[in-house]
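Read through the structure below, which is laid out as structure tokens, and then see the notes.
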Amino acid sequence: MLITESVSNIAFGGHGVVRHEGKVVFVPFVLPGEKVEFEITQSKKSHAFGRALRILNAHPDRITPKCEYYGRCGGCQLQHASYDLQLKLKQQFIEEALTRIGKLQNILVSPIIGTKHQWAYRRRIKLHKQGDQLGFIGVDNSSFVPVTHCEIDSGQSLDLDPDIFVQAHPEQSEKLYGDLLNQIKQLGTPKILDLYCGMGILTARLAALGCEVTGIELNAKAIAWAQKNHAHPIRWVVADVAKVMAGYLKRDRPAVVLVNPPRTGLNPEVTNALVTYRPKHIFYTSCMPATLARDLKILVEAGYVIEQCQPYDLFPQTTHVETVVTLCLNSSKTS
Ligand SMILES: C[S@@+](CC[C@H](N)C(=O)[O-])C[C@H]1O[C@@H](n2cnc3c(N)ncnc32)[C@H](O)[C@@H]1O
């Protein structure tokens, strides 16, 4: 059955939100305000999924996707939007998560930092093999889409174990690290706990500023790489942050804690340890607005003030967005 409705907004993940007969239908590859003809592909109790068949009034920022695989391969979700609109949508994802999930009002989210390099920025892509073909898993999460090239892959070889995390966009991740370092420099040379430190790119630069740093990371290969490649004296710890961080907070009393968790965010042991030992400054780098908002709610309720919330676009053409939040303990609530 063909249905015609208007798209109210775009949800995180890139699906257009359409309301039809009291249900929300998620329709990918549409834009806010567009009137679309679509069919339902999957119906659940509370919501449904649909496929757009015709756009009846295109958004003025709708553009022709550059990649021939777009819409089939699951890698990109926003190639049909101008880059300006992509940035606006990402800004909204964060603002909405903070108000809806975090129940945080009056938080000023700084304008997202975009990039001129909107293509060929990825240092790494994950390909699958079927027979002698290489490809991606499709948008439906099951089909195999053979590809011969990828528009967002830089194609440069990266001499690093694939199990070790590396930020996607060299230019943008450099801006993010640089901004973080500048903020920390303002605090002198504080004692720092760098949680989820990966291969220690930032950790080493903090040590170079003269800070006493402990980096904690679960992946032993990442720490082995860090020990081999960084000369500064840093205490490297291979461990689950949730299991060991309370001990380090209690013994060392660092003034600054950096967290950069995976998409799942901070688990309750981590937020509990933070609100128990109350480091003066927390810098939270997040790749997932929903879990960031959930965790910020806990920290704000425990007396932290959000001083800055800065999004960065490290993943043009996709809905991913990176955010750095600067938190400081409210001095009137420290006792
Ligand atoms: C988003 S990456 C951040 C890496 C690093 N901060 C950087 O900028 O390159 C998250 C890191 O957390 C690590 N990780 C995931 N779960 C962990 C846990 N429970 N304890 C410690 N590290 C963990 C992952 O191995 C990964 O290196």
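The values are calculated or read from the model by the stated rules, or taken from the named source; none is laboratory data. The model shown is predicted, which means the values in this text are computed figures rather than measured ones. No Cβ is skipped: glycine too gets one built from the backbone with ideal geometry, and neighbour counts run over all protein chains shown.
Restricting attention to the stretch 202-218, report how many residues are out of contact with any helix residue (DSSP H, G or I) (no Cβ under 7 Å at 6 or more places or on another chain) and within 6 Å of the ligand (Cβ to nearest atom).
1
Yes or no: the stretch 234-249 includes at least one residue that is within 22 Å of the chain's Cα centre (by Cα), surrounded by fewer than 17 Cβ atoms within 10 Å (Cβ to Cβ) and not small (Gly, Ala, Ser).
The answer is yes, given that some residue of the stretch 234-249 is within 22 Å of the chain's Cα centre (by Cα), surrounded by fewer than 17 Cβ atoms within 10 Å (Cβ to Cβ) and not small (Gly, Ala, Ser).
Conditions tested, residue by residue: (1) away from the ligand (no atom under 12 Å from the Cβ); (2) out of contact with any Pro (no Cβ under 6 Å at 6 or more places or on another chain).
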residue: 253; (1), (2): yes, yes
residue: 261; (1), (2): no, yes
residue: 271; (1), (2): yes, yes
residue: 274; (1), (2): yes, yes
residue: 279; (1), (2): yes, no
residue: 282; (1), (2): yes, yes
residue: 288; (1), (2): no, yes
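Counting only residues that are under 23 Å from residue 309 (Cα atoms) and touching a strand residue (DSSP E or B) at 6+ places or on another chain (Cβ under 6 Å), which one in the stretch 97-135 is surrounded by the most Cβ atoms within 10 Å (Cβ to Cβ)?
Looking at the filtered set, the residue picked out is 112.
Counting residues that are touching a Leu at 6+ places or on another chain (Cβ under 6 Å) and under 26 Å from residue 280 (Cβ atoms), which strands (runs of 3 or more DSSP E) fully inside the stretch 132-217 reach at least 2?
191-195, 212-217
Would you be able to say whether some residue in the stretch 317-329 is within 16 Å of the ligand (Cβ to nearest atom), without any contact (Cβ under 8 Å) to a residue 24 or more places away in the chain and either outside any loop (DSSP other than H, G, I, E, B) or aliphatic (A, V, I, L, M) (or both)?
no
Tell me which of these residue 140 doesn't satisfy, since it passes every other one: (1) under 22 Å from residue 77 (Cα atoms); (2) within 21 Å of the chain's Cα centre (by Cα).
(2)
Output the residues belonging to the stretch 87-106 that are part of a loop (DSSP other than H, G, I, E, B) and at pLDDT 95 or above.
The answer is 101, 102, 103, 104.
Take the residues in the stretch 9-61 that are free of Cβ contacts under 8 Å to residues at least 24 places away in the same chain and among the basic types (Lys, Arg); name whichever of them is farthest from residue 287 (Cα to Cα).
Only one residue tops the list, namely 54.
Could you tell me which numbered condition residue 226 fails, if it satisfies all but one of (1) touching a strand residue (DSSP E or B) at 6+ places or on another chain (Cβ under 9 Å); (2) surrounded by fewer than 21 Cβ atoms within 10 Å (Cβ to Cβ); (3) among the small types (Gly, Ala, Ser)?
(2)
Touching a residue at least 40 places away in the same chain (Cβ under 8 Å), assigned to a helix (DSSP H, G or I) and within 12 Å of the ligand (Cβ to nearest atom), is that true of residue 221?
Against the criterion (touching a residue at least 40 places away in the same chain (Cβ under 8 Å), assigned to a helix (DSSP H, G or I) and within 12 Å of the ligand (Cβ to nearest atom)), residue 221 qualifies.
Applying the selection to the stretch 228-265, what residues are in contact (Cβ under 8 Å) with a residue 60 or more places away in the chain and part of a strand (DSSP E or B)?
256, 257, 258, 259
What pairs come up if the first residue lies in the stretch 81-96 and is under 10 Å from residue 311 (Cα atoms), the second is in a helix (DSSP H, G or I), and their beta carbons are under 6 Å apart, counting only those six or more places apart or on different chains?
Filtered contacts from the stretch 81-96: 94/289.
If you check every pair at least six apart or on different chains, which have Cβ atoms under 7 Å apart with a residue in the stretch 159-177 that is surrounded by 16 or more Cβ atoms within 10 Å (Cβ to Cβ) first and a residue that is at pLDDT 90 or above and among the acidic types (Asp, Glu) second?
Pairs found: 172/313; 176/322.
On the given criteria, is residue 208 hydrophobic (A, V, I, L, M, F, W, C) and buried (at least 19 other Cβ atoms within 10 Å of the Cβ)?
no
Hey, could you check the stretch 150-174 for residues that are out of contact with any Gly (no Cβ under 8 Å at 6 or more places or on another chain) and more than 22 Å from residue 222 (Cα to Cα) and say which is nearest to the ligand (Cβ to nearest atom)?
Going through the qualifying residues, I end up with 154.
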